[in-house]
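Step one of this worksheet: look at the structure below.
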Amino acid sequence: MEKKCALITGGRRGIGFGIALELAKHNYRVIITGKTDASSAKAEIEKAGGECLAYSADISKKEDRLELFNKINSAVPRLDVLVNNAGIAPKVRADILEATEESFDELISVNLKGPYFLTQLFANRMIEKKKKEKDYSPVIVNISSVSSFASSTNRGDYCISKAGISMMTKLYADRLSEFGIPVFEIQPGIIATDMTSGVKAKYDKMISDGVFPIKRWGVPEDIARTVLAIAGGCLPYSTGQVLHVDGGFHLRRL
Ligand SMILES: NC(=O)c1ccc[n+]([C@@H]2O[C@H](COP(=O)([O-])OP(=O)(O)OC[C@H]3O[C@@H](n4cnc5c(N)ncnc54)[C@H](OP(=O)(O)O)[C@@H]3O)[C@@H](O)[C@H]2O)c1
């Protein structure tokens, strides 16, 4: 049987790499991207016995998204899993009373516009294939954040971009439901990657203070195993579903 194929944007490192490695170990052919060269991550996945293609593309740029889409269509017969994972934090955490438009534009372009229009490209392709191949069951997974709902006034641009991903998930889940293409959102909590390395002391303290019901840092594998469950069809009567992978942070407590 042909291997299923998964594209993980930002699969070059961090959460995306964790997802790619997990899927590759479970017999998916994975396609990883980075803004920069992803060949060393590809080599690592191959060393672990996985099959991997790697491309670099700036997801915020229309021409890069189109080029990536065309390359993938030439390289693989069909895409079974699209994971919109690539994203950035603001270069500087700045109070919303002072934060710059430049940072806002950058965050929205990379974290929201990029995945929104990349999904449009692949969703149309999935619809075409789905009409012809009855056994084809593609799925889309968006990586948002607890910042979709939790206010951080020192990075409003990030929060708004991630809240946008939550609405994007609902919109595509709704629109693609008639074609049998489910769309899911994973809201990670605090995950140990390059993105959080600069604020490690702050989160170490929050974890020891009990802000997170499960008292540990999240790791990329936590997200990866959730993606694996979704991709493997473990949620057959759901779409638009939000999966909290945040150590219980989303719970309200009295
Ligand atoms: N870490 C957390 O605690 C946390 C929590 C909640 C949500 N998230 C979300 O999870 C996702 C992954 O986060 P992470 O912690 O793994 O981040 P990371 O370690 O900083 O990795 C980010 C990945 O995104 C890629 N990327 C950045 N800008 C891009 C662009 N313009 N075009 C294409 N790719 C681009 C990077 O490419 P290069 O490697 O080439 O730079 C990298 O591979 C993000 O969407 C993030 O917002 C993270």
- Answer yes or no: is there a residue in region 30-46 that is more than 18 Å from Glu221 (Cα to Cα) and basic (Lys, Arg). yes
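Name the single residue that is least open to solvent (accessible area, probe 1.4 Å) among those in region 131-159 being in a helix (DSSP H, G or I) and within 23 Å of Leu121 (Cα to Cα). Full working, then the answer.
From region 131-159, those in a helix (DSSP H, G or I) are 131-132, 146-148, 156-159; that's our starting set.
Now narrow it down to the ones that are within 23 Å of Leu121 (Cα to Cα): 131-132.
Values: Lys131: 133, Lys132: 157 Å².
This residue is Lys131.
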- Query: Name the residues in region 169-201 that are within 15 Å of the chain's Cα centre (by Cα), open to solvent by less than 60 Å² (accessible area, probe 1.4 Å), among the hydrophobic types (A, V, I, L, M, F, W, C) and closer than 17 Å to Gly10 by Cα, would you?
  - Reply: Ile186, Ile191
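Of all residues being closer than 30 Å to Asn124 by Cα and outside any loop (DSSP other than H, G, I, E, B) in region 180-208, which is farthest from the ligand (Cβ to nearest atom)? Just the residue, please. Steps first, answer last, please.
First, the residues of region 180-208 that are closer than 30 Å to Asn124 by Cα: 180-188.
Then keep just the ones that are outside any loop (DSSP other than H, G, I, E, B); that gives 183-188.
Numbers: Val183: 16, Phe184: 14, Glu185: 11, Ile186: 8, Gln187: 7, Pro188: 4 Å.
The selected residue is Val183.
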- Query: Across region 1-36, which residue is most open to solvent (accessible area, probe 1.4 Å) among those that are of a type in the set (Ser, Thr, Tyr) and near the ligand (Cβ under 9 Å from one of its atoms)?
  - Reply: Thr36
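Going through Ser74, Ser39 one at a time, which residue ends up being polar (S, T, N, Q), within 12 Å of the ligand (Cβ to nearest atom) and free of Cβ contacts under 8 Å to residues at least 40 places away in the same chain? Break it down stepwise before answering.
Details: Ser74 fails: within 12 Å of the ligand (Cβ to nearest atom).
Result: Ser39 is the single residue among Ser74, Ser39 that is polar (S, T, N, Q), within 12 Å of the ligand (Cβ to nearest atom) and free of Cβ contacts under 8 Å to residues at least 40 places away in the same chain.
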- Give me the pairs: first residue in region 1-23 and among the acidic types (Asp, Glu), second residue within 15 Å of the ligand (Cβ to nearest atom) and modelled with pLDDT under 95, beta-carbon distance under 8 Å, and six or more apart or on different chains, which are they? none
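In region 42-57, what count of residues is obtained for those that are open to solvent by less than 20 Å² (accessible area, probe 1.4 Å) and within 11 Å of the ligand (Cβ to nearest atom)?
Keep residues of region 42-57 that are open to solvent by less than 20 Å² (accessible area, probe 1.4 Å), which gives 45, 50, 52, 57.
Those left that are additionally within 11 Å of the ligand (Cβ to nearest atom): 57.
Within region 42-57, residues that are open to solvent by less than 20 Å² (accessible area, probe 1.4 Å) and within 11 Å of the ligand (Cβ to nearest atom) number 1.
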- Item | Answer residue from region 89-105, given it is without any contact (Cβ under 8 Å) to a residue 24 or more places away in the chain and within 15 Å of the ligand (Cβ to nearest atom) and is farthest from Gly164 (Cα to Cα) among those | Lys91
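So if I check each of Lys162, Lys62, which one is at pLDDT 95 or above and either open to solvent by 50 Å² or more (accessible area, probe 1.4 Å) or farther than 28 Å from Ala41 by Cβ (or both)?
Details: Lys162 fails: either open to solvent by 50 Å² or more (accessible area, probe 1.4 Å) or farther than 28 Å from Ala41 by Cβ (or both).
Result: Lys62 is the single residue among Lys162, Lys62 that is at pLDDT 95 or above and either open to solvent by 50 Å² or more (accessible area, probe 1.4 Å) or farther than 28 Å from Ala41 by Cβ (or both).
From Arg252, Arg216, which residue is over 21 Å from Cys159 (Cα atoms), of a type in the set (Lys, Arg) and open to solvent by 60 Å² or more (accessible area, probe 1.4 Å)? Before the answer, list the steps.
Numbers: Arg252 fails: over 21 Å from Cys159 (Cα atoms).
Result of the check over Arg252, Arg216: Arg216.
The values are calculated or read from the model by the stated rules, or taken from the named source; none is laboratory data. Every value quoted in this text rests on a predicted model; they were computed, and no experiment measured them. In this analysis, Cβ positions are derived from the backbone assuming ideal geometry, glycine residues included, and neighbour counts consider all displayed protein chains. The area values use the complete protein model at the heavy-atom level, side chains included, leaving out ligands, DNA and RNA. Shrake-Rupley method; radii C 1.70, N 1.55, O 1.52, S 1.80 Å.
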